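Enquirer: Pasting in a structure now, in structure tokens, and then I'll have a few things to ask.
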Protein chains: 2
Amino acid sequence: MWRFVDRSRRRIPEATVARLPVYLRTLLEVQAEQTSTVSSERLAELSGVNAAKVRKDLSYLGTFGTRGVGYEVDSLLVEVSRELGLTRDWPVVIVGVGNLGSALSNYGGFGDRGFPVGAVVDTDPLKVGTRHGDLIVRHIDDLPEIVSQFGIAIGIIATPAEGAQDVADRLIAAGVTSILNFAPAVVTVPDEASLRKVDLALELQILSFYRQREELGASLDRDLVIADKTTGLVV
Amino acid sequence: MWRFVDRSRRRIPEATVARLPVYLRTLLEVQAEQTSTVSSERLAELSGVNAAKVRKDLSYLGTFGTRGVGYEVDSLLVEVSRELGLTRDWPVVIVGVGNLGSALSNYGGFGDRGFPVGAVVDTDPLKVGTRHGDLIVRHIDDLPEIVSQFGIAIGIIATPAEGAQDVADRLIAAGVTSILNFAPAVVTVPDEASLRKVDLALELQILSFYRQREELGASLDRDLVIADKTTGLVV
DNA sequence: TCCTGTGAATGTCTTCACAGCC
DNA sequence: GGCTGTGAAGACATTCACAGGA
């Protein structure tokens with residue numbers, strides 16, 4: 001008999017969860033090289049993080065390493081996959097067949113990774129009924145029935161900003177509790193649901209910020225100055 | 001005469017920088033409603049964050065609000081835009097004309113927001129020379145000349161994972177110090193450069209993690225258990 | 001000797017709570 | 001009275017540094 005913490009239910013920090021998929025990818029690469037064991041150091045290097053972080057992250061999942069040796073690649077892969085819930089498929093529905101929606105539905109990378117595109121929907125009557133890869137575009141009003149028919153677990157919003165919140169509400173109403181939002185709009189969901197966002201323009205704007213700083217760098221190399229109170233001009 | 005901190009050079013937390021584009025979008029919406037002044041409370045609500053955070057974030061940029069009143073929409077917009085470096089255009093080059101690269105180059109949302117697509121490049125000789133919207137696909141070897149010709153400031157990597165690091169190296173070599181990486185691969189750049197990544201499968205995997213937790217919730221509702229030492233089975 | 005697992009220290013971000021100004 | 005700006009407290013995340021098992 002023994003008293004221990006059930007690791008499978010330990011709270012895992014968000015930051016750690018966000019890195020698990022990276023470790024997973026790295027482990028697959030390492031596995032492809034026929035390496036049977038891997039150190040936190042190497043895992044870290046290939047994942048672009050530092051070794052202490054890798055060890056701490058993995059320790060949240062359980063105790064899988066061997067001191068003096070490292071981690072057994074195959075079994076760590078299984079553990080990380082299980083923790084991420086990747087032992088089964090999670091069908092997705094793509095909402096919005098515009099430029100981005102089309103690209104996503106044709107992308108193919110989703111199905112391979114356990115996220116088959118179960119359905120594609122839109123509001124536009126002209127688009128409904130058209131073929132899209134293997135799928136026929138269906139009307140968004142059919143969501144509830146589509147969700148149960150295909151076991152949809154995740155909804156991807158690829159509509160213009162205006163429709164995004166409405167789409168999210170419909171997804172939630174249809175029982176979809178995980179949403180990935182590509183629309184450049186703030187979308188809110190109930191606490192029980194999960195929402196992640198990908199905003200392309202936002203990423204570019206962040207880059208723009210740092211890019212501009214570079215240019216400013218040379219000209220404004222001071223933090224503290226003596227300046228006129230009202231004009232702000234340097235004396 | 002007066003001693004003061006030059007706000008324009010203050011270090012702004014990364015987390016704050018990442019929210020500025022959201023505030024910017026919100027401010028544009030508020031402006032469209034002809035509202036001339038806005039409180040941190042309202043700005044927060046529309047941006048999906050809390051009011052204290054908005055105030056602290058904005059305070060890093062300077063002192064723009066009026067106590068008892070709020071922020072003047074127009075002038076705050078100018079300040080945020082300026083801070084983000086959006087007072088000028090930043091031409092981008094898209095590398096890789098696959099599914100995603102095509103979608104991005106046709107997207108149009110970039111140009112509107114100050115990130116015109118200056119060029120599209122690929123390695124595939126079959127793609128080079130083909131028309132893509134307004135642009136002719138060029139060979140990646142021409143990057144240095146394309147960069148100076150179009151004043152490219154940002155490179156977007158939309159290639160398969162294998163080529164990503166090489167593309168990043170070529171971008172850096174051509175003088176592009178800001179990179180947005182869509183390839184599902186770890187890419188490293190020199191310290192002076194900025195790199196951001198968007199990984200679609202990764203986002204889905206994170207959602208999968210939380211989704212799975214939902215299902216586990218009911219069955220494993222305990223944190224501490226008495227269990228057999230070796231098997232881990234509950235006694 | 002090597003490399004994991006983890007407390008403790010440090011650093012960063014968020015939130016609170018209220019003084020200060022309109 | 002209302003709302004900003006900001007120290008201080010608290011929560012969270014990263015990194016250090018080393019004990020301890022292989």
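Enquirer: Do any residues in the stretch B:96-115 that are within 7 Å of chain A (Cβ to nearest Cβ) and in contact (Cβ under 8 Å) with a residue 24 or more places away in the chain have Cβ atoms under 7 Å from those of residues that are in a helix (DSSP H, G or I) and buried (at least 24 other Cβ atoms within 10 Å of the Cβ), where the two are at least six apart or on different chains, and which pairs are they?
Expert: The qualifying pairs are B:115/A:204.
Enquirer: Quick check on the stretch A:85-93. Is at least one of its residues surrounded by 14 or more Cβ atoms within 10 Å (Cβ to Cβ), touching a Leu at 6+ places or on another chain (Cβ under 8 Å), assigned to a helix (DSSP H, G or I) and within 14 Å of chain B (Cβ to nearest Cβ)?
Expert: Within the stretch A:85-93, none of the residues are surrounded by 14 or more Cβ atoms within 10 Å (Cβ to Cβ), touching a Leu at 6+ places or on another chain (Cβ under 8 Å), assigned to a helix (DSSP H, G or I) and within 14 Å of chain B (Cβ to nearest Cβ).
Enquirer: Does residue A:208 count as modelled with pLDDT of 95 or more, more than 30 Å from residue B:116 (Cβ to Cβ) and within 7 Å of chain B (Cβ to nearest Cβ)?
Expert: For residue A:208, the condition - modelled with pLDDT of 95 or more, more than 30 Å from residue B:116 (Cβ to Cβ) and within 7 Å of chain B (Cβ to nearest Cβ) - is not met.
Enquirer: Working only within the stretch A:25-47, note down all residues that are touching a Phe, Trp or Tyr at 6+ places or on another chain (Cβ under 7 Å) and either closer than 14 Å to residue A:78 by Cα or more than 9 Å from every other protein chain (Cβ to nearest Cβ) (or both).
Expert: Matches in the stretch A:25-47: A:37, A:38, A:43.
Enquirer: Looking at the stretch A:48-57, which of the residues that are in a loop (DSSP other than H, G, I, E, B) and surrounded by 15 or more Cβ atoms within 10 Å (Cβ to Cβ) is farthest from DNA strand C (Cβ to nearest atom)?
Expert: A:48
Enquirer: Going through the stretch A:186-214 one residue at a time, which ones are within 23 Å of residue B:109 (Cβ to Cβ) and small (Gly, Ala, Ser)?
Expert: Answer for the stretch A:186-214, where residues must be within 23 Å of residue B:109 (Cβ to Cβ) and small (Gly, Ala, Ser): A:201, A:208.
Enquirer: Please specify each residue of the stretch B:106-130 satisfying the condition of being surrounded by 22 or more Cβ atoms within 10 Å (Cβ to Cβ) and under 17 Å from the mean Cα position of the chain (by Cα).
Expert: Matches in the stretch B:106-130: B:115, B:117.
Enquirer: In addition: Looking only at residues that are at positive phi and over 21 Å from the mean Cα position of the chain (by Cα) in the stretch A:48-86, which one is farthest from DNA strand D (Cβ to nearest atom)?
Expert: A:62
Enquirer: For the stretch B:151-175, how many residues meet the condition of being within 19 Å of the chain's Cα centre (by Cα) and either small (Gly, Ala, Ser) or under 14 Å from residue B:117 (Cα atoms) (or both)?
Expert: Count: 9.
Enquirer: For residue A:67, are the conditions met, namely being away from DNA strand C (no atom under 13 Å from the Cβ) and either of a type in the set (D, E, K, R) or touching a Lys or Arg at 6+ places or on another chain (Cβ under 6 Å) (or both)?
Expert: no
Enquirer: I'm trying to understand the selection: among the residues of the stretch B:160-175, which are touching a residue at least 24 places away in the same chain (Cβ under 8 Å) and surrounded by fewer than 23 Cβ atoms within 10 Å (Cβ to Cβ)?
Expert: Within the stretch B:160-175, B:160, B:161, B:163, B:170, B:173, B:174, B:175 meet the criteria.
Enquirer: Right, another one. When you look at residue B:22, is it within 16 Å of DNA strand C (Cβ to nearest atom), assigned to a helix (DSSP H, G or I) and at the interface with chain A (Cβ under 9 Å from one of its Cβ atoms), yes or no?
Expert: yes
Enquirer: Separate question: Applying the selection to the stretch A:4-58, what residues are over 18 Å from residue A:68 (Cβ atoms), at pLDDT 95 or above and small (Gly, Ala, Ser)?
Expert: A:15, A:18, A:32, A:47, A:48
Enquirer: Listed residues B:41, B:29, B:45, B:79; which is outside any loop (DSSP other than H, G, I, E, B), free of Cβ contacts under 8 Å to residues at least 40 places away in the same chain and within 12 Å of DNA strand C (Cβ to nearest atom)?
Expert: After applying the criteria, what remains is B:41.
The values are calculated or read from the model by the stated rules, or taken from the named source; none is laboratory data. Owing to the predicted nature of the structure, the values given are computational and were not obtained by experimental measurement. No Cβ is skipped: glycine too gets one built from the backbone with ideal geometry, and neighbour counts run over all protein chains shown.
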